[in-house]
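Every number here is computed from the coordinates shown, using simple stated rules; none is lab data. For clarity, every value in this text was computed on a predicted model and none was experimentally measured. Cβ sites come from the backbone with ideal geometry, for glycine too, and all protein chains shown count toward neighbours.
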């Protein structure tokens, strides 16, 4: 028997097929899933409700995953909170992800221990 914590997960993904697959996989493990179709909604939803983790697609319309992550991290600096964000992608080449992550989205947060 497995014992693990049931997580409240925000998923930002614009592809309907990927949304269905991700939802099925996470709910199969009894996690609570909130799905949004773009980064702009991910930023708004992450401010409106508490989440244990955010799964963020890299390439989305309106606001991509890097811009959304940067906006969430900026808000966290002001509030002192922190939500783990995991980048997801199906099509972006690795060099593009690495360059964008280090130059735009990765920002250290100061958390008191």
Exercise for review: Could you work out how far the C-alpha centroid of the range 55-82 sits from that of the range 25-45, in angstrom?
Suggested key: 14 Å
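Between residue 88 and residue 29, how high is the FRET efficiency from 1/(1 + (r/R0)^6) when r is the Cβ-Cβ distance and R₀ = 25 Å? Nearest 0.05.
Values: r = 17 Å, r/R0 = 0.66.
Efficiency for this residue pair is about 0.90.
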Revision key, fill the gap. With label points set 7 Å from each Cα along the Cα-to-Cβ direction at residue 62 and residue 74, the distance between them in nm comes to 1.7 nm
Point to revise | Relative contact order (percent, whole number), the range 8-92, Cα cutoff 8 Å, 6+ residue spacing | key: 33 percent
